[in-house]
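Before any comments, here is the structure.
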Amino acid sequence: FSLDREFRVTHINERGAELIGKSPAVLLNRSLWESFPEAVGSPFQRAYERTLLERIPTSVESFYAPLNKWFEARAYPSTDGLSVFYRDITC
């Protein structure tokens, strides 16, 4: 998925939306933190904020309790905000 500098979702593919249990239409143009309030203060938020602030790639592996899944996420700075690639690593 892609985020702008305000952490609003600007793009998400169908597979990515499926992994997190929400449709692209529900996520687009909304703050990631509004759509996933439980992620506020999480390792994901810290990694994404670091990528945006320092303009460096970050990666994080963490458990996301609301979905009962482990995710690996890699965030990269882009001209408009962030590009994030993630996958379910739950065993």
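The values are calculated or read from the model by the stated rules, or taken from the named source; none is laboratory data. Fair warning: this is a prediction, and the values are worked out from it, not measured in the lab. Every residue, glycine as well, gets a Cβ built from its backbone with ideal geometry; the counts of neighbours run over all protein chains shown. Only protein heavy atoms, including side chains, enter the accessible area calculation; ligands, DNA and RNA are left aside. Shrake-Rupley method; radii C 1.70, N 1.55, O 1.52, S 1.80 Å.
What share of Cα pairs, in percent, lie more than 23 angstrom apart in the chain?
When all Cα pairs of the chain are counted, 12 percent exceed 23 Å.
About the Cα centre of the chain, what is the dipole size in debye to 20, counting +1 per Lys and Arg Cβ and -1 per Asp and Glu Cβ, all else neutral? Kindly include the intermediate steps, with their values, before the conclusion.
On the way: 11 positive and 12 negative charges, 13 e Å.
Result for the chain is approximately 60 debye, rounded to the nearest 20.
Pop out the carbon and sulfur fraction of the accessible area of the chain as a percent, whole number, probe 1.4 Å.
Exposed carbon and sulfur together represent 52 percent of the surface.
Given a 1.4 Å probe, how much area per residue of the chain is accessible, in Å²?
Using a 1.4 Å probe on heavy atoms only, each residue of the chain averages 59 Å².
So what's the net charge close to Val60: Lys and Arg +1, Asp and Glu -1, counting the other residues with Cβ under 13 Å from its Cβ?
Result for the neighbourhood of Val60: +1.
Please compute the contact order of the chain in relative form: average sequence separation of alpha-carbon pairs under 8 Å and at least six residues apart, divided by the residue count, as a percent.
Numbers: 154 pairs, mean separation 24.8, N = 91.
It comes to 27 percent, rounded to a whole number.
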